[in-house]
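The structure appears below as structure tokens.
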Amino acid sequence: MNTTALPTVGYTLNHPRLQNWVLEMASLCKPERIHWCDGSQEEADRLITEMVSAGTLIRLNPEKRPNSFLARSDSSDVARMEDRTFVCPKDPKAAGPNNNWMEPEKARAELRPLFDGCMKGRTMYVVPFSMGPIGSPFSHIGVELTDSPYVAVSMRVMTRMGKDVVAALGTDGEFVPCVHSVGAPLAPGQKDVSWPCNETKYICHFPESREIWSFGSGYGGNALLGKKCFALRIASNMAKDEGWLAEHMLILGLESPQGEKRYVAAAFPSACGKTNLAMLIPPQAFDGWKVTTVGDDIAWIKPGKDGRFHAINPEYGYFGVAPGTSEHTNPNAIATLKANCIFTNVALTPDGDVWWEGLTKEPPAELIDWEGKAWTPGCGRKAAHPNSRFTAPASQCPSLDPSWEDPKGVPVDAFIFGGRRSKTVPLVMQAFNWSYGVYMAATMGSETTAAATGKVGQIRRDPMAMLPFCGYHMGDYFDHWLDMGHKVYNPPRVFCVNWFRTNDKGEFLWPGFGENMRVLKWIFERVSGRAGARQIQLGWMPGYEDIDWTGLDEVTEAKFDELMDVDAKAWKEELALHDEFFSSLGDKLPRELPLQRELLERTLDR
Ligand code: OXD
Ligand code: MN
């Protein structure tokens, strides 16, 4: 091994703590060599060429999809693994029932032997990355050590990565150390496989020392450690301690034909169309209205000097679910994917392009599926894995907001919370005030799909869409949210939406996609103090006449009434489910929340 372990050409490293840590980790993991990523195009091209030769990446047809690649993971390594994800503060009560807790010394004792020699025969890539624009007061830096070149090049798409980040650290800047290994050392002469990984998997977070250790998986949120691990689980801890919010939210801009601009941040559980909403194109009848994209998955939100919350998207790219993305559901995403992308576990067409379920109405006559097998329509298998992904640079998104890299963030006027609910929850409502808004967000739920659990229609509580991502006790998290409402003079108004309500035949009542603009416009007008609303038991709700229906006949007044119906009996049952969830949080549940619940129950009787 090259024990000097210093970066090569054009790199200024003058940060002894970083250098010593890299050396210490190298002596544990024992890689064949160390490469400090500079983040350049040449470097990415070289790593990609090596991965193409090794069979890890397939180069797509450059005429159809320039500079884009397909990766096929091991068929056992296809998703985030919640049951192997651990949060390891000293006190189990700090992790809460929402996390798998492991005592930190026990976790270290289990990790050490796994990491000892785990990179033998491989390169250790040092990946310095900034979550947020380099130098912004919102941003935080991490350094990921990984033995996966796929992770190194994906991190270059998903974060600001390379030597500028090390320069920003100066001689003593803070960074979150992130260690990642696929856990597949190579013996001398041993032939590599195209997607190395290990059956044993650990994704461990140490909130007190702000460290991340991930072993055994090369996939997505398990391996691209800037995203869920850092920007949500570790950052939620930083945010609690420092007085800000790290949230699982998209951020979008809404601009009226008169040039008035508002920003909203919206939380939805996975698979509720977050990327589609973030890149929405308004219907034709909304001529002059613009929706712009700041981020599609994560928001870091801090109180500003102007008494409002400001938000940044800490990411630099999109790691989106491919199936269901089409010219109809999300034309901006399709345009974003035209070049410079890495696709993982989608299908390959005979002419060297990609395909997934929902991309076109008719599937191609033949494909190579995500596992590399020949595929024809009607063969009974999915061509793309349901969790197949694209990794795309944000800069390619046609709806990108001009302020998306503003180091001061964008001011947030509204928070939207949504889930997938076939019954009970109306299309849209506005909370009466901040504490009630926190209650609504804290009791958010989503119906499970057959693919995830085998049981359709069960409701999983997913407060603020953060259940898998909050790096500490959910009760403390609610308390922090309640507190944060008092850290600004003018907190964002809070809304709940549900695009997924169905009629008795199980058909969706709401057309969704671009038509969601009608609800966004109502929200825009509400925060501007203009739109009408009715006060009902649950909150403020639009009447039929309060929504702009120009160009849409499909939603009649009767259908709208069905979409907005509040059934007191169903809501009483819903409240019982809230109780069940709240009781799981024990004495950490802030008192305001049961009080809000009580108030709601009494109101439902009126
Ligand atoms: C994601 C998720 O991958 O929320 O963004 O699961
Ligand atoms: Mn997400």
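The values are calculated or read from the model by the stated rules, or taken from the named source; none is laboratory data. This one's a predicted model, so the numbers in the text were calculated from it and none came from an experiment. Note: ideal-geometry Cβ built from the backbone for every residue, glycine included; neighbour counts use all protein chains shown.
I'm trying to understand the selection: among the residues of region 79-111, which are without any contact (Cβ under 8 Å) to a residue 60 or more places away in the chain and of a type outside the set (Phe, Trp, Tyr)?
Within region 79-111, ASP83, ASP91, PRO92, ASN100, GLU103, GLU105, LYS106, ARG108, ALA109 qualify.
Taking the criterion of being within 16 Å of ligand 1 (Cβ to nearest atom), surrounded by fewer than 24 Cβ atoms within 10 Å (Cβ to Cβ) and not in a helix (DSSP H, G or I), would at least one residue in region 419-431 satisfy it?
yes
For region 241-262, indicate whether the set of residues that are among the aromatic types (Phe, Trp, Tyr) and over 12 Å from the mean Cα position of the chain (by Cα) is non-empty.
Yes: one or more hits.
Output the residues belonging to region 482-532 that are basic (Lys, Arg) and assigned to a loop (DSSP other than H, G, I, E, B).
Passing the criteria: LYS487, ARG501, LYS505, ARG530.
Within the bounds of region 188-203, is there any residue that is within 24 Å of GLU42 (Cβ to Cβ), outside any helix (DSSP H, G or I), touching a residue at least 40 places away in the same chain (Cβ under 8 Å) and of a type in the set (A, V, I, L, M, F, W, C)?
No, because not a single residue in region 188-203 is within 24 Å of GLU42 (Cβ to Cβ), outside any helix (DSSP H, G or I), touching a residue at least 40 places away in the same chain (Cβ under 8 Å) and of a type in the set (A, V, I, L, M, F, W, C).
Among the numbered criteria (1) part of a helix (DSSP H, G or I); (2) closer than 23 Å to ARG421 by Cα, which single criterion is violated by GLU545?
(2)
Pick from MET124, MET119, MET81: which is within 16 Å of ligand 2 (Cβ to nearest atom) and touching a helix residue (DSSP H, G or I) at 6+ places or on another chain (Cβ under 8 Å)?
Being within 16 Å of ligand 2 (Cβ to nearest atom) and touching a helix residue (DSSP H, G or I) at 6+ places or on another chain (Cβ under 8 Å) holds for just one of MET124, MET119, MET81, which is MET81.
Would you point out which residue out of LEU538, LEU552, LEU595 is over 29 Å from ASN490 (Cα atoms) and of a type in the set (A, V, I, L, M)?
LEU552
Using beta carbons and a limit of 6 Å, which pairs, at least six apart or on different chains, have the first residue in region 239-251 and crowded, with 24+ Cβ neighbours inside 10 Å and the second one of a type in the set (S, T, N, Q)?
ALA246/SER236; ILE251/ASN313
Within region 1-86, considering only strands (runs of 3 or more DSSP E) that don't extend past its boundaries, which have at least 3 residues that are under 29 Å from the mean Cα position of the chain (by Cα)?
57-59, 69-71
In region 376-389, how many are without any contact (Cβ under 8 Å) to a residue 60 or more places away in the chain and either among the β-branched types (Val, Ile, Thr) or buried (at least 23 other Cβ atoms within 10 Å of the Cβ) (or both)? Lay out the reasoning, then the answer.
Our first condition is that a residue be without any contact (Cβ under 8 Å) to a residue 60 or more places away in the chain; within region 376-389, this holds for 376-383.
Imposing the further condition that a residue be either among the β-branched types (Val, Ile, Thr) or buried (at least 23 other Cβ atoms within 10 Å of the Cβ) (or both) reduces the set to 376, 383.
Count: 2.
What is the one condition in (1) away from ligand 2 (no atom under 16 Å from the Cβ); (2) surrounded by 20 or more Cβ atoms within 10 Å (Cβ to Cβ); (3) assigned to a loop (DSSP other than H, G, I, E, B) that GLY437 does not satisfy?
Unmet condition: (3).
Which one of these does GLY221 not meet: (1) within 16 Å of ligand 2 (Cβ to nearest atom); (2) in contact with a His (Cβ under 8 Å, 6 or more places away or on another chain); (3) in a helix (DSSP H, G or I)?
Condition not satisfied by GLY221: (2).
Restricting to region 176-196, and then to whatever is surrounded by fewer than 20 Cβ atoms within 10 Å (Cβ to Cβ) and of a type in the set (Gly, Ala, Ser), can you tell me which residue is nearest to ASN100 (Cα to Cα)?
SER194
When you look at LYS274, is it in contact with a Gly (Cβ under 7 Å, 6 or more places away or on another chain), within 14 Å of ligand 1 (Cβ to nearest atom) and under 30 Å from PRO149 (Cβ atoms), yes or no?
No.
Would you call ASP579 within 32 Å of the chain's Cα centre (by Cα), outside any helix (DSSP H, G or I) and either under 12 Å from LEU427 (Cβ atoms) or at pLDDT 95 or above (or both)?
No: the conditions fail for ASP579.
Looking at region 267-287, I want the residues that are buried (at least 18 other Cβ atoms within 10 Å of the Cβ) and have a partner that is among the aromatic types (Phe, Trp, Tyr) and modelled with pLDDT of 95 or more with Cβ atoms under 6 Å, at least 6 apart or on another chain. Which pairs are those?
Within 6 Å, the pairs are ALA267/PHE417; LYS274/PHE268; PRO282/TRP289.
Got at least one residue in region 551-563 being surrounded by fewer than 14 Cβ atoms within 10 Å (Cβ to Cβ), in contact with a helix residue (DSSP H, G or I) (Cβ under 6 Å, 6 or more places away or on another chain) and more than 27 Å from TYR263 (Cβ to Cβ)?
Scanning region 551-563 turns up at least one residue that is surrounded by fewer than 14 Cβ atoms within 10 Å (Cβ to Cβ), in contact with a helix residue (DSSP H, G or I) (Cβ under 6 Å, 6 or more places away or on another chain) and more than 27 Å from TYR263 (Cβ to Cβ).
Within region 235-258, is there a residue that is among the aromatic types (Phe, Trp, Tyr), more than 12 Å from ligand 1 (Cβ to nearest atom) and under 26 Å from ILE203 (Cα atoms)?
yes
A quick yes/no check of all residues on (1) out of contact with any strand residue (DSSP E or B) (no Cβ under 7 Å at 6 or more places or on another chain); (2) of a type in the set (Asp, Glu); (3) part of a strand (DSSP E or B); (4) more than 16 Å from ligand 2 (Cβ to nearest atom):
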| position | (1), (2), (3), (4) |
| --- | --- |
| ASP241 | yes, yes, no, yes |
| ALA246 | no, no, yes, no |
| GLY253 | no, no, yes, yes |
| VAL264 | no, no, yes, yes |
| SER270 | yes, no, no, no |
| THR292 | no, no, yes, yes |
| LYS338 | yes, no, no, yes |
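With the condition kept exactly as written, say whether any residue in region 326-342 is within 16 Å of ligand 1 (Cβ to nearest atom) and within 15 Å of the chain's Cα centre (by Cα).
Checking region 326-342: not a single residue is within 16 Å of ligand 1 (Cβ to nearest atom) and within 15 Å of the chain's Cα centre (by Cα).
Quick one: VAL151 ticks every box in (1) closer than 24 Å to LYS30 by Cα; (2) more than 16 Å from ligand 1 (Cβ to nearest atom); (3) in a helix (DSSP H, G or I) except a single one, so which number is it?
(2)
Inside region 197-230, can you point out the residues that are over 21 Å from CYS470 (Cβ atoms), surrounded by 22 or more Cβ atoms within 10 Å (Cβ to Cβ) and away from ligand 1 (no atom under 14 Å from the Cβ)?
Hits for region 197-230 are CYS197, PHE215, GLY216, GLY218.
How many residues does region 127-142 hold that are crowded, with 24+ Cβ neighbours inside 10 Å and over 18 Å from the mean Cα position of the chain (by Cα)?
2
Pick from ALA285, ALA265: which is closer than 22 Å to PHE478 by Cβ and not acidic (Asp, Glu)?
Being closer than 22 Å to PHE478 by Cβ and not acidic (Asp, Glu) holds for just one of ALA285, ALA265, which is ALA265.
For region 117-161, enumerate the residues that are of a type in the set (Val, Ile, Thr) and touching a Gly at 6+ places or on another chain (Cβ under 7 Å).
ILE141, VAL151, VAL157, THR159
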